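Visitor: The structure under discussion is supplied below as structure tokens; questions concerning it will follow.
The values are calculated or read from the model by the stated rules, or taken from the named source; none is laboratory data. These numbers were taken from a predicted model, which means no experiment stands behind them. Virtual Cβ from ideal backbone geometry, glycine too; neighbours counted across all protein chains shown. Surface accessibility is based on the protein's heavy atoms, side chains included, excluding ligands, DNA and RNA. Shrake-Rupley method; radii C 1.70, N 1.55, O 1.52, S 1.80 Å.
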Amino acid sequence: MTSNAIKIIPVRQLALSPLNVRKTEAGPAADAELKASIKAEGGIKQNLLVYPAGKSKFLVHGGGRRLKQLQALIEEGALPADTTVPCKVETEEQAIISSTTENVVRANMHPADQYEAFAAMIEKGFKTTEIANQFGVTENLVQRRLKLAEVDPVLLTAFRNDELSLDALTAFTICKDRSRQVEIYEQLKSTYHGINAYQVRHLATEDEVSASDTVAQFVGVDAYTAAGGTVRRDLFSEADNIVLEDVALLHRLATEVLNAEAEKLTGKWKWVDVHLSVTYDQYMRYGREYPLPVEPAPDDQAKLDALNGAIEQMEEIGEEAWTDEVQARWDQIHNDLETLSAEVNRSEYTDEQRARAGCVVSIDHRGALRVETGLVHPNDKPQQVRSEDSEEKSAEERRKEAGMSNSLSADLRAIRHQNLQAHLASDYQTAFDAMLYSMIVRLPIAYAAAPIDISMRQAEVFKSREYLEDTVAAAMLEEIKNTLDLSWISLESPQDFITMSALSMEKKQALFAWATAQAVQQQLANDDHSSPVLEEIGRRCSTDVAYCWRPDAKNYWSRVPKKHALSVAAEVIGQKWADERRDFKKDALAASMETAFREGADERVGMDPESAKRTARWLPEGMAFESSDEQPQGVVENPEPDVLPAFLKAAAE
């Protein structure tokens with residue numbers, strides 16, 4: 001048979017080729033339109049592309065949709081069983097190029113199909129430049145499609161099913177770990193706003209930084225690479241984004257530069273600290289010393305007096321004598337006075353101030369050096385000075401001595417935060433007060449740390465997610481969200497605002513409390529510099545962490561030293577109970593502690609009722625929102641006598 005010949009072939013001898021690169025369906029509407037067109041024409045006039053596959057058998061690699069509709073019409077009886085169609089017969093090698101060419105140049109070909117088609121040609125030995133020239137596309141497009149080879153098949157399937165946008169799919173390529181890709185996908189697909197490229201990149205590059213990062217700008221990409229740092233370019237970024245992969249090296253280089261600057265200030269201030277970045281709220285914990293005006297030198301003061309005297313004399317000149325020469329002289333004296341005043345009117349820190357205060361050397365939001373001077377350390381404030389014989393240790397030091405890891409502390413902080421969210425989200429009055437307070441203290445009239453992030457950034461709890469799933473607090477938050485009226489969010493702007501504004505006050509209060517809870521900060525009560533306002537918010541909400549969360553083998557007991565677990569057991573249950581388990585292996589002890597410290601533990605685990613009551617309420621240090629002995633004037637009493645509102649109690653149970 002002559003290659004490239006046009007041959008009339010019965011439809012019954014045709015089958016779809018695996019080389020047909022179009023795997024994503026065009027859609028029911030498009031298929032119905034094509035089917036109606038073929039039926040009206042009584043067949044097709046444009047030839048299909050085929051290649052031989054045995055005796056009287058041909059595989060269609062170009063025109064697969066038309067073949068499917070022809071077969072459907074024959075099966076329905078709308079076309080004769082012996083219907084024939086014109087076919088261009090090619091070799092199998094030609095078919096690879098033809099199938100891709102026919103589909104790639106058509107605007108509606110799915111990018112996933114383009115990727116698989118280009119990949120097949122790469123396997124056949126084609127170069128990216130050859131593929132680009134063959135199909136009239138840029139080499140960059142070919143490279144971008146081939147980059148999808150790094151994406152897990154689960155994501156490609158989701159993309160074909162319109163569960164992912166192309167931008168979101170390509171964002172996954174910056175993560176080389178396919179299991180991590182799927183993990184990010186599963187995490188984001190359940191969120192309210194779905195999956196977008198920004199969220200994917202953020203989660204996938206937690207251990208990397210962009211060249212636009214402030215620390216990267218401070219160090220400079222050239223200095224970073226000169227020190228041996230590796231970079232990666234994001235093919236899919238319109239801004240030709242560069243990612244710096246060695247964060248530890250980057251931070252070391254930045255710290256070295258900051259330390260060099262700090263060295264210049266050492267001895268001039270009581271203390272000098274170096275930080276890569278410092279937030280506005282972190283500066284609030286310091287007191288302030290402000291530079292004082294410095295008296296001009298005698299010679300400078302004499303010049304100032306002379307200029308001011310000249311101005312006073314010229315003010316006596318009458319209007320009729322005010323000539324151009326006088327005006328020029330007037331302007332010159334004022335310019336000289338302004339210049340000299342700027343030079344001699346300055347402020348400086350006194351030696352006494354420098355002996356009390358220090359400075360912080362850091363990087364500002366633009367990636368430039370920042371030196372904040374005149375800071376009085378919290379420990380140096382008069383009301384916070386410790387006695388000389390005080391040996392109080394920081395929270396971090398105490399946890400380290402107890403064998404509590406940083407990751408466990410972070411997880412406990414996230415769990416406590418979730419419980420506070422669940423209670424605050426249903427308490428409008430407290431949410432309103434907390435948000436109002438946070439707004440006011442952000443203004444220049446007040447200087448205090450805000451418990452609510454007005455920018456509405458949610459606390460970072462990603463690393464603790466496995467301990468936040470299937471919890472009582474999670475069920476409470478889900479129940480609250482299900483009761484909210486969020487129908488207006490999908491409307492176009494400003495109709496969304498108009499519709500939201502028209503909601504009843506009760507619905508808006510529910511939305512306000514829920515939104516406020518999303519931005520509440522996280523802390524343990526015994527964190528260094530923890531916010532007392534946040535603790536008061538938790539108390540106002542009657543946040544009962546013990547009711548909503550219990551320490552079990554997975555989330556706590558297997559993650560602390562045996563010594564700590566036995567010490568808690570001896571204190572809460574009794575020395576005898578602890579001694580009986582002293583020889584337990586760690587896993588067995590963790591399981592026993594879980595059973596004893598869950599709600600409803602009784603004599604069956606070797607405890608008396610009083611001990612069971614104590615274990616059912618025990619929490620690690622810093623987890624509880626302790627009740628306050630103070631009752632400030634004007635405090636708003638919680639009208640609900642129960643720990644939780646009725647509808648949330650049902651969700652929790």
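Visitor: Just how much of Met404 is accessible, in Å², when a 1.4 Å probe is used and the result is rounded to the nearest 10?
Guide: For Met404, solvent-accessible area is about 40 Å².
Visitor: Apply 1/(1 + (r/R0)^6) to the Cβ-Cβ distance of His564 and Glu183, taking R0 = 41 Å, and write down the FRET efficiency to the nearest 0.05.
Guide: Values: r = 31 Å, r/R0 = 0.76.
The computed FRET efficiency comes out at 0.85.
Visitor: How large is ³J(HN,Hα), in whole Hz, for each residue of segment 9-14 in order, when computed from phi with the Karplus curve 6.51 cos²θ - 1.76 cosθ + 1.60 and θ = phi - 60°, using x for Gly and Pro?
Guide: Rounded to whole hertz, the list is 10, x, 4, 5, 9, 10.
Visitor: Count the net charge of all other residues whose Cβ sits under 15 Å from the Cβ of Ile38, scoring Lys and Arg as +1 and Asp and Glu as -1. Mind showing how you got there, number by number?
Guide: Working: positive: Lys35, Lys39, Lys45, Arg65, Arg66, Lys68; negative: Asp31, Glu33, Glu41, Glu75, Glu76.
With Lys, Arg at +1 and Asp, Glu at -1, the net is +1.
Visitor: Tell me which GluC sites (Glu not before Pro) from segment 251-335 have a DSSP coil assignment and no more than 13 other beta carbons within 10 Å of their own.
Guide: On the way: sites: Glu256, Glu261, Glu263, Glu289, Glu312, Glu315, Glu316, Glu319, Glu320, Glu325; in loops: Glu289, Glu315, Glu316.
Passing both the DSSP loop test and the Cβ count: Glu315, Glu316.
Visitor: Now for a different question. Could you order the peptides 551-559, 330-338 from most to least packed, using the average number of other C-beta atoms within 10 Å per residue?
Guide: Values: 551-559: 19.4, 330-338: 13.6.
Highest to lowest by the protection proxy: 551-559, 330-338.
Visitor: Assign one of three labels to segment 140-184, namely rounded, prolate or oblate, based on the Cα gyration tensor with a ≥ b ≥ c the square roots of its eigenvalues; rounded applies when a/c is under 1.5, prolate when it is not and a/b is larger than b/c, and oblate otherwise.
Guide: On the way: a/c = 1.87, a/b = 1.17, b/c = 1.61.
It comes out oblate by the Cα gyration axes.
Visitor: While we're on this one: Mind putting a number on the dipole of segment 478-592 about its Cα centre? Charges go on the C-beta only, +1 for Lys and Arg and -1 for Asp and Glu, and I need it in Debye to the nearest 20. Mind showing how you got there, number by number?
Guide: Numbers: 15 positive and 17 negative charges, 128 e Å.
In total the dipole reaches around 620 debye.
Visitor: Between segment 550-621 and segment 459-514, what's the alpha-carbon centroid distance in Å?
Guide: First find each Cα centre; the distance between them is then 37 Å.
Visitor: Here is a further query. In whole angstrom, how long is each semi-axis of the equivalent ellipsoid of segment 471-588, when you take the square root of 5 times every eigenvalue of its Cα gyration tensor and sort them from largest down? Could you put the intermediate results ahead of the total?
Guide: Numbers: eigenvalues 400, 52, 30 Å².
Each semi-axis is the square root of five times an eigenvalue, giving 45, 16, 12 Å.
Visitor: So, one more: For Ser210, enumerate residues with amide H under 5 Å from its amide H, sequence gap 5+ or separate chain, H modeled in the peptide plane.
Guide: Leu244
Visitor: Which percent of the accessible area of segment 256-316 is formed by carbon and sulfur heavy atoms (probe 1.4 angstrom)?
Guide: Details: 2120 of 4100 Å².
In segment 256-316, the share of accessible area belonging to carbon and sulfur is 52 percent.
Visitor: Any of Lys400/Lys554; Lys268/Lys400; Lys176/Lys554; Lys45/Lys88; Lys45/Lys127; Lys7/Lys57 with alpha carbons more than 24 Å apart? Name them for me.
Guide: Details: Lys400/Lys554 20 Å; Lys268/Lys400 34 Å; Lys176/Lys554 29 Å; Lys45/Lys88 12 Å; Lys45/Lys127 35 Å; Lys7/Lys57 13 Å.
Beyond 24 Å between Cα atoms: Lys268/Lys400; Lys176/Lys554; Lys45/Lys127.
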